[in-house]
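The values are calculated or read from the model by the stated rules, or taken from the named source; none is laboratory data. Owing to the predicted nature of the structure, the values given are computational and were not obtained by experimental measurement. So basically every Cβ, Gly included, is an ideal-geometry build from the backbone, and we count neighbours across all protein chains shown. Just the protein is used for accessible areas: all its heavy atoms, side chains included, with ligands, DNA and RNA removed. Shrake-Rupley method; radii C 1.70, N 1.55, O 1.52, S 1.80 Å.
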Amino acid sequence: MKLRRHPLLTGVMAMAMGAIGASCVRAEVKVADVPDPAIDLTVPEGQAEHTAIFAGGCFWCTEAVFERVEGVKSVISGYAGGTKDDASYQLVSRGATDHAEAIAITYNASVVTYGELMKVFFTVAHDPTTLNRQGNDVGRHYRSAIFYTSEEEKSVARAYIDQLEQAGVFGDPIVTTLEPIGEGFFVAEAYHQNYAELNPNQPYIVYQAMTKVEKLKKAFPEKLAKE
């Protein structure tokens with residue numbers, strides 16, 4: 001039987017997923033070994049608010065991480081890479097579209113930069129070296145991707161991936177794709193929004209999302225939003 005994420009997972013299944021998934025994850029990356037981006041996004045004066053769109057597996061998990069980063073104003077779960085007509089969880093979760101589960105991070109660039117968000121994305125929010133999977137979530141809709149909205153974003157992201165590859169901090173090749181936003185970012189169904197915060201005892205959240213949140217707290221204490 002194929003194990004996959006679902007809002008109604010039992011505690012036993014979620015614990016099994018955590019145990020099995022742990023064996024599929026690469027060795028922990030030391031954040032001290034991960035370089036800061038040498039090139040960062042330029043934000044025009046007076047336009048500090050910007051939006052980054054990342055895909056790194058389950059959007060419940062990535063949303064939970066970035067909601068806790070200082071300077072982030074909002075995180076919305078949704079779909080990117082496909083069309084408006086097939087932007088639904090029913091279709092995306094079956095792998096029947098070109099969409100990836102993604103998040104739109106609106107942030108204050110005077111507090112946290114695009115490059116700093118990318119560093120969190122690559123080090124604690126997901127594993128950028130596993131092709132079309134994160135743990136037991138398998139399929140192209142769980143791919144690692146950065147959806148760019150400008151050529152500058154594309155250039156900055158490409159430069160950082162190259163920088164990380166040259167530093168060799170992951171051991172395995174980075175498989176993150178750079179994709180144009182295309183038809184746009186499509187907001188997911190209401191029950192997906194802020195899911196981890198609203199369902200802290202849901203087994204998948206306990207064993208998957210909160211593990212990433214704890215990594216964030218340990219790796220980037222200086223970037224945590226004030227509670």
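Shape class for region 104-227, computed from the alpha carbon gyration tensor (a ≥ b ≥ c): rounded, with a/c under 1.5.
Hey, what did region 80-149 get for relative contact order, percent, Cα under 8 Å, at least 6 apart?
Details: 58 pairs, mean separation 21.9, N = 70.
Computed value for region 80-149: 31 percent relative contact order.
Here the contact order of region 115-161, divided by its residue count and restricted to Cα pairs under 8 Å and six or more residues apart, works out to 28 percent.
Quick check for you: with a 1.4 Å probe and neighbouring chains kept, what is the accessible area per residue of region 162-227, in Å²?
Details: 3800 Å² over 66 residues.
I get 58 Å² per residue for region 162-227.
Magnitude of the charge dipole for region 79-145, about its Cα centre and with charges confined to Cβ atoms of Lys, Arg (+1) and Asp, Glu (-1), is about 80 debye.
Using a 1.4 angstrom probe on heavy atoms only, work out the carbon and sulfur share of the accessible area of region 43-181 in %. Can you show the working numbers first?
Details: 2310 of 5060 Å².
Result for region 43-181: 46 percent of the exposed heavy-atom area is carbon or sulfur.
In the structure shown, do any of Lys84/Lys154; Lys154/Lys212; Lys84/Lys119; Lys30/Lys212; Lys73/Lys212 have a Cα-Cα gap over 18 Å, and if so which?
Values: Lys84/Lys154 23 Å; Lys154/Lys212 26 Å; Lys84/Lys119 30 Å; Lys30/Lys212 14 Å; Lys73/Lys212 20 Å.
Among Lys84/Lys154; Lys154/Lys212; Lys84/Lys119; Lys30/Lys212; Lys73/Lys212, the Cα-Cα distance tops 18 Å for Lys84/Lys154; Lys154/Lys212; Lys84/Lys119; Lys73/Lys212.
Run the numbers on the chain and let me know its relative contact order in percent, using alpha-carbon pairs under 8 Å that are six or more apart.
Relative contact order for the chain comes out at 31 percent.
Let a ≥ b ≥ c be the square roots of the eigenvalues of the Cα gyration tensor of region 58-107; is it rounded (a/c under 1.5), or, if not, prolate (a/b larger than b/c) or oblate? Before the final figure, lay out the partial values.
Details: a/c = 3.72, a/b = 2.28, b/c = 1.63.
Prolate is the answer for region 58-107, as a/c is 1.5 or above and a/b outweighs b/c.
For region 109-150 versus region 197-220, the inter-centroid distance based on Cα atoms is 16 Å.
For region 60-145, the solvent-accessible area with a 1.4 angstrom probe is 30 square angstrom per residue. Evaluated on region 51-175, the Kirkwood hydrodynamic radius is 14.8 Å, with distances taken between all distinct Cα atoms. For region 25-107, GluC sites (Glu not before Pro) are listed when DSSP marks them as loop and at most 12 other Cβ atoms sit within 10 Å of their Cβ; the list is Glu28, Glu45. Helical runs (DSSP H, four residues minimum) scored at -39500 (n - 2.57) apiece and divided by the length of the chain put the mean residue ellipticity at 222 nm at -7500 deg cm²/dmol.
Which value does Rg/Rh take for region 104-157 over its C-alpha atoms, Rh per Kirkwood? Can you show the working numbers first?
Values: Rg = 12.6 Å, Rh = 12.5 Å.
Across region 104-157, the Cα-based Rg/Rh ratio is 1.01.
Give the residue list of trypsin sites (Lys or Arg not before Pro) in region 60-134 that are DSSP loop and have at most 14 other beta-carbon atoms within 10 angstrom. Display every interim value, and only then the final one.
Numbers: sites: Arg68, Lys73, Lys84, Arg94, Lys119, Arg133; in loops: Arg68, Arg94.
Here the trypsin sites (Lys or Arg not before Pro) that fit, given the DSSP loop and packing criteria, are Arg94.
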